[in-house]
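Written below as structure tokens is the structure these notes are about.
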Amino acid sequence: MKVLILGATGGTGREIVREAGAQGHTVVALVRSSAKAAGLAGAELVEGDARDEQALSRALKGCSAVIGSLGTAVSPFREVRLLSDATRALVTAMENRNVRRLVCITGLGAGDSRGHGGFLFDNLFFPLLLRKVYEDKDRQEEVVRASKLDWVLVRPVVLNDKPARGTVRALADLSAVAGGTVSRGDVAKFVVRQLTDDAWLRRTPLITW
């Protein structure tokens with residue numbers, strides 16, 4: 001299928017572009033600048049802001065699904081709105097284009113996964129560095145949940161750049177989760193599979209090794 005990828009120039013986004021191509025999908029990437037998209041081989045590039053509904057609508061032409069892999073810098077003090085604003089514009093553009101499938105990456109610490117990051121993450125990194133970002137991730141998830149789309153919200157644990165192992169654990173029961181790590185490559189494999197797999201439809205799997 002033809003799939004639009006947001007956040008394609010980030011570390012995880014680049015893995016998703018490669019994996020989507022490897023799984024036989026046609027990839028469109030919405031990028032702020034083609035100059036920053038070097039190395040996205042095989043992807044059709046559309047320039048535009050992810051918060052711009054018209055740019056999103058252009059990029060969605062002919063697409064059957066979207067993978068959202070947007071990220072934002074750590075912001076200890078300043079309010080973050082990028083993720084929720086972009087997702088709100090995306091949902092509207094998808095509904096107008098009648099594109100149903102959305103696979104959206106948020107992260108461990110969003111929604112009811114908060115408090116499962118382990119001692120250092122929960123008591124140091126989250127409150128001091130990530131609180132503003134995760135407030136916006138929560139808003140982002142709320143926008144997706146309120147939509148009429150066929151969505152999957154994927155919450156990976158802490159990402160690393162190690163080689164993919166080829167398998168992950170996808171968890172709904174977080175009672176035994178206290179942190180963890182997973183490779184961007186393995187997250188990409190899982191995320192791309194959700195384009196055609198309904199096992200996690202309208203659910204929030206936590207992804208870890």
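Laboratory data are not the source of any read-out in this text; all were calculated from the coordinates shown. Small disclaimer: the values here were computed from a predicted structure and weren't measured. So basically every Cβ, Gly included, is an ideal-geometry build from the backbone, and we count neighbours across all protein chains shown.
How would you rank Cys63, Cys104, going from fewest to most other Cβ atoms within 10 Å of each one's own Cβ?
The fewest-first ordering by Cβ neighbours comes to Cys63, Cys104.
Would you calculate a helix-derived [θ] at 222 nm for the chain, using -39,500 (n - 2.57) for each DSSP H run of n ≥ 4 and dividing by the full residue count, to the nearest 500?
On the way: 5 runs with 62 residues, N = 209.
Mean residue ellipticity, 222 nm, calculated: -9500 deg cm²/dmol.
Restricting to Cα atoms and excluding each atom paired with itself, what does the Kirkwood estimate give for the range 25-113 in Å?
With all distinct Cα pairs of the range 25-113 included, I get 14.2 Å.
Across the Cα atoms of the chain, what radius of gyration and what greatest pairwise Cα-Cα distance (Dmax) are found, in Å?
When restricted to the Cα atoms of the chain, Rg and Dmax are 15.9, 46 Å.
If the chain between Leu174 and Asn98 were fully stretched, how many nm would it gain, using 0.36 nm times the residue separation less the Cα-Cα distance?
Taking Leu174 through Asn98 to full extension adds about 24.0 nm, to one decimal.
Would you please put 142-151, 72-81 in order of how densely packed they are, using the mean number of other Cβ atoms within 10 angstrom per residue and starting with the highest?
My ranking of the peptides, most packed first, is 142-151, 72-81.
Counting only DSSP beta bridges with both residues in the range 2-208, what percent are antiparallel, rounded to the nearest 5?
Around 10 percent of the beta bridges assigned by DSSP in the range 2-208 are antiparallel ones.
Using a Debye calculation, one point per C-alpha and no hydration shell, please list log10 I(q)/I(0) for the range 136-209 at q = 0.17, 0.21, 0.22, 0.28 Å⁻¹ in order.
Cα-only, vacuum Debye calculation for the range 136-209: -0.67, -0.98, -1.06, -1.33.
Taking 0.36 nm per intervening residue step and subtracting the Cα-Cα distance, what contour gain separates Asn160 from Leu128 on full extension? Write down the numbers at each step before the final one.
Details: separation 32, 0.36 × 32 = 11.52 nm, distance 2.11 nm.
Full extension from Asn160 to Leu128 adds 9.4 nm.
Going from the alpha-carbon gyration tensor of the range 103-157, what semi-axes, largest first and in whole Å, does one get by taking the root of 5 times each eigenvalue?
Values: eigenvalues 103, 24, 11 Å².
Values for the range 103-157, descending: 23, 11, 7 Å.
What length, rounded to one decimal in nm, is gained on full extension from Arg114 through to Ala199, with 0.36 nm per residue of separation minus their alpha-carbon distance?
Residue separation times 0.36 nm, minus the Cα-Cα distance, leaves 28.3 nm.
Counting Lys +1, Arg +1, Asp -1, Glu -1, what net charge surrounds Ala59 among other residues with beta carbon under 12 Å of its beta carbon?
-1
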